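Below: the structure, in C-alpha cells.
The values are calculated or read from the model by the stated rules, or taken from the named source; none is laboratory data. Here the structure is a predicted model, which is why all the values come from computation and not from measurement. When we count neighbours, we look across all protein chains shown, and the Cβ atoms used for this are built from the backbone with ideal geometry, even at glycine.
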Amino acid sequence: MSQFVGTRRDARWSALVVLCAGMLMIILDGTIVNVALPVIQADLAFTQSGLAWVVNAYLIPFGGLLLLAGRAGDLIGRKKMFLSGLVVFTLASLLCGFAGSQAMLIAARFVQGVGGAMAAAVILGMIVTMFPEKGERSRAIGVFSFVAAAGGSIGLLAGGVLTQAISWHWIFFVNVPIGVAAFLFAVRLVPGERGIGVRHGADVIGALLGTSGLMLGVYTIVKAADYGWGSARTLIAGTVAVALIAAFVVRQARVANPLLPLRIFASRNVTGANLIQVLMVAGMFSMFFLGALYLEKVLGYDPLRIGLGFLPVAVGIGTLSLGASARVNARFGERNVLIGALLLVLAGLLLFTRAPVDGSYLTDILPSTVLMGVGAGLGFPALMTLAMSGATEDDSGLASGLVNTTQQVGGALGLAVLATLSTSRTNGLLAAGESPVEALTSGYRLAFGVGAALVAVGVVLAVVVLRRPEPEEAEEVEVPARVGLEVS
C-alpha cells in the first residue's frame, strides 16, 4: 500500500492546495499572455509573425515534454519532478518579466514551457496516489479540474487587469511570489515518494523519438495557421512527426522497459477519455480565443471587459467542480455525467454561432458562457476521473502526463484549425466586398460552428466507446499493493 494512505487527512488536503496553486500558476500563464500581446508587440516591435512566437515558444516544449516528464516523475520521484519544474518555471518567469528584447522574451518563454511541463505532468498522478479512496479522489480531482479548466478564463481577467493597471511585464513577475510560496509549502506539505527506479523505464531512444515527435507535431499544428494545412512545409513536417511517433509506438511495444507501457491504453475508458478531451478542448478553444477576438474586434471590448465577459465560465466551473461534480458523478456515474456535460458545451457553442455584428452581452454572450461554464464544471472532473481510472501507483505520473498532453494537443490543434478556417472565411468575404466587421463576424461564427462539430464527435465517442463501471468495481476503494483503481 502506498505511503500516502497513512498520511493525515488534513495534511493531504493542504498538499492538494499547494499542488493546485502550482498548476494554477502554469495554466494562468497559458492565457494571461494573450491579452497583453498587442502591448508586447508595440513595446518590443514584434512583427505579426514574430509575435506568434511569444505563444508558440511556450506551447511547443510544454506540449512536447509532458509525456516524458510524467514518466520521468514515476522513475525518479514525482515530488522531485514537481519541485524542479517550479524552480525552472519561476526563474524563467523572472527572465520574461525583465525581457527587453524579442530574443530574450522568446528564449525565456521556451524555458518556461520546459518548467511548466516538468511541474504540470506529475500533479494529477500525485493526487491519484494521495487519495486512493473513490469518494475522496473524486472531490480532489474536482478541485484540480476547477483549477485546470477555470484557470484559462481567470488568466484573461488577470491579464487585462495587470496590463492596464501596471504593465505587461507584471503578467510574468506575478508568477515569482506564487512560485516561491508554492515551492516552500510543497517542500513541507507534499508527501515525498521514491520513484520506481530508472531501470524500469530508461528507454533513451524511445524518449528521443517520442519527445521529438510530439514537439514537431505541436510545432506543425501551431504553424499550420500561418503556412496553410496543404502547404509543403506543413505536410512534410506533419509526415515526419507522425513517422517519429509511429516509430516511438513500435519501440514501446518491443523494448523490455518502455517509457510508455502500452498497457495503459488497454482500458477503453482511459483511451476514450483522452480522445474526447482532445475534441472537447479543441472545441472550447474556439470560444476562449476567437470569442475574445470577437469581443475585442467586433464589439469593441477592452482587455478588462473581455476578462469580465468570460467570468461566468470560471464561476460555473468553480461552483460545480469544487463539490457538486463529485456528488453528481457518484449519483449518475462519470460516463453519463460527461455525456450530459458535452451536450451543454455543444449547446453553448451553437448559441455562439448566432453572434451578430451588433451583439448584446446579456442576450448573445452570457447564455453561451453560462452553458459552457456548467458543461465544463461537470465535464472536466468526470473526464479526469475516467482518464486516470486505469492508473496504478507506478504509472500514475505517466497517466497524468498523458492527460495533460492530450489537453495541450487538443488546444493547439483547435486553435490552429479554427483560426485558419476563420481567417480564410474572413479573407474570402473581404475579397468579395464585404465590410470588415461583417467579414470578421462571419469568420468567427464559422469557427464556433466547427468547434461545435468537434464537441459533437466527442459526444458520439462518449456514447460508443466509454463503458459503465461494474457495480462492484465502482465500490472498490483499494487494491492490495496498489493505489490506482481499475474501474475501466
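Checking each residue in the stretch 254-290 for being aromatic (F, W, Y) and either touching a Phe, Trp or Tyr at 6+ places or on another chain (Cβ under 8 Å) or outside any helix (DSSP H, G or I) (or both) picks out only F288. Has the stretch 41-54 got any residue that is touching a helix residue (DSSP H, G or I) at 6+ places or on another chain (Cβ under 7 Å), assigned to a loop (DSSP other than H, G, I, E, B) and touching a residue at least 24 places away in the same chain (Cβ under 8 Å)? Yes, the conditions are met somewhere in the stretch 41-54.
Condition (residue is assigned to a helix (DSSP H, G or I), in the same structural domain as A121 (by TED's automatic domain parsing) and more than 19 Å from L209 (Cα to Cα)) applied to the stretch 65-73: is it met by at least one residue? No, the stretch 65-73 has no match at all. When R188 is tested against the conditions (1) in a loop (DSSP other than H, G, I, E, B); (2) at pLDDT 85 or above; (3) not aliphatic (A, V, I, L, M), the lone failure is (1).
Can you name the residue in the stretch 216-243 that is more than 27 Å from R425 (Cα to Cα) and surrounded by 20 or more Cβ atoms within 10 Å (Cβ to Cβ) and, of all such residues, is modelled with the lowest pLDDT? It comes out as L216. Close Cβ contacts (under 9 Å, 6 or more residues apart or on different chains) running from residues in the stretch 332-344 that are β-branched (V, I, T) to residues that are surrounded by fewer than 18 Cβ atoms within 10 Å (Cβ to Cβ) comprise V337/R331; I339/V463. G113 meets the conditions (1) under 30 Å from A326 (Cα atoms); (2) buried (at least 23 other Cβ atoms within 10 Å of the Cβ) in every case but one. The failed one is (1). Hey, does the stretch 168-175 have a residue that's modelled with pLDDT of 80 or more, in a helix (DSSP H, G or I) and of a type in the set (A, V, I, L, M)? For the stretch 168-175, residues modelled with pLDDT of 80 or more, in a helix (DSSP H, G or I) and of a type in the set (A, V, I, L, M): present.
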